[in-house]
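*Asks:* One structure is given below, represented as structure tokens, and several questions about it will come after.
The values are calculated or read from the model by the stated rules, or taken from the named source; none is laboratory data. Everything numeric here is computed off the predicted structure, so don't read it as measured data. Here Cβ is always computed from backbone atoms with ideal geometry, including for glycine, and neighbour counts include all displayed protein chains. Quick note on the areas: whole protein, heavy atoms, side chains included, nothing else; ligands and nucleic acids left out. Shrake-Rupley method; radii C 1.70, N 1.55, O 1.52, S 1.80 Å.
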Amino acid sequence: LISRQGNAFQPPPGYTAHFPPYPLDGELYSGRGQFEQISAAVRTQNGDWKNIRLHVFDVPKAQGNLYQRLAVLSGWLKQHPQAPINVIAQTPVRNQAQVQAFLKEIEAGEGVMLRNPNTPYHGGRSSNLLKLKSQYDAECTVTRHHEGKGKYAGKLGAVSCKNQHGEFRIGSGFKDADRDN
């Protein structure tokens, strides 16, 4: 298992025993609001992977359109039901009103991925794979940790980040437990 940034995860022995012999594109998931639990599991050698499943949204090396590529994995999973893998359901979009209604339905989530199912697999975002959110954010790479001051002395105070728009510093939004690690 390799992260989007290229970092290898070390799941417990047997976790990938029933994975197919071809690459999958997806994300680890255990439930809404469980990101910190998953993050802790993948960062530690003996992390708790008990409820973590790989939710797959594409099969990069399979032939055909998106539905055909996912059907390859669905066929595999019928023969290997013990695999900790779910195929993310795909819903063809009829119009923009349907997209907006669905976005409101799942508002507590991160957004809705919109993709052209007839295009070949392409890693990352493109004009054929877009993320629709009510509130927009951006991803960045953390380049430096800064020690805190005052009540945060000896703990994380802020992080320096870099993305396509430049470098910046983030010092808010961290929980005290996050600052301790």
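*Asks:* Out of (1) in contact with a strand residue (DSSP E or B) (Cβ under 7 Å, 6 or more places away or on another chain); (2) open to solvent by less than 50 Å² (accessible area, probe 1.4 Å), what's the single condition that is false for residue 80?
*Replies:* (1)
*Asks:* Let me ask another. Would you check if there is a residue in the range 37-45 being more than 29 Å from residue 62 (Cβ to Cβ), part of a loop (DSSP other than H, G, I, E, B), open to solvent by 60 Å² or more (accessible area, probe 1.4 Å) and not basic (Lys, Arg)? Talk me through it step by step, then tell me what you get.
*Replies:* Here is the first cut: in the range 37-45, the residues more than 29 Å from residue 62 (Cβ to Cβ) are 37, 39-40, 43-45.
Add one more test, that the residue is part of a loop (DSSP other than H, G, I, E, B), and what stays is 44-45.
Within this subset, residues satisfying the condition of being open to solvent by 60 Å² or more (accessible area, probe 1.4 Å) are 44-45.
Then keep just the ones that are not basic (Lys, Arg); that gives 44-45.
Yes, the range 37-45 has at least one match.
*Asks:* Considering only the range 81-110, how many residues are under 18 Å from the mean Cα position of the chain (by Cα), among the β-branched types (Val, Ile, Thr) and not in a loop (DSSP other than H, G, I, E, B)?
*Replies:* So the first thing to find is which residues in the range 81-110 are under 18 Å from the mean Cα position of the chain (by Cα), and the list is 84-90, 103, 106-110.
Applying the additional criterion that residues be among the β-branched types (Val, Ile, Thr) yields 85, 87-88, 106.
Still in the running and not in a loop (DSSP other than H, G, I, E, B): 85, 87.
Selection size over the range 81-110: 2.
*Asks:* Got a sec? Which of 151, 78, 162 is charged (D, E, K, R), closer than 27 Å to residue 53 by Cβ and over 19 Å from the mean Cα position of the chain (by Cα)? Walk me through it before giving the result.
*Replies:* Working: 151 fails: closer than 27 Å to residue 53 by Cβ; 162 fails: closer than 27 Å to residue 53 by Cβ.
Every option except 78 fails the conditions.
*Asks:* Tell me which of these residue 152 doesn't satisfy, since it passes every other one: (1) modelled with pLDDT under 85; (2) surrounded by 11 or more Cβ atoms within 10 Å (Cβ to Cβ); (3) more than 20 Å from residue 175 (Cβ to Cβ).
*Replies:* (3)
*Asks:* Is it true that some residue in the range 111-132 is open to solvent by less than 90 Å² (accessible area, probe 1.4 Å), charged (D, E, K, R) and not in a strand (DSSP E or B)?
*Replies:* no
*Asks:* Scan 72, 87 and give me the residue that is surrounded by 14 or more Cβ atoms within 10 Å (Cβ to Cβ), at pLDDT 90 or above and farther than 17 Å from residue 16 by Cβ. Quick ask: steps written out before the conclusion?
*Replies:* Numbers: 87 fails: farther than 17 Å from residue 16 by Cβ.
So the residue among 72, 87 that is surrounded by 14 or more Cβ atoms within 10 Å (Cβ to Cβ), at pLDDT 90 or above and farther than 17 Å from residue 16 by Cβ is 72.
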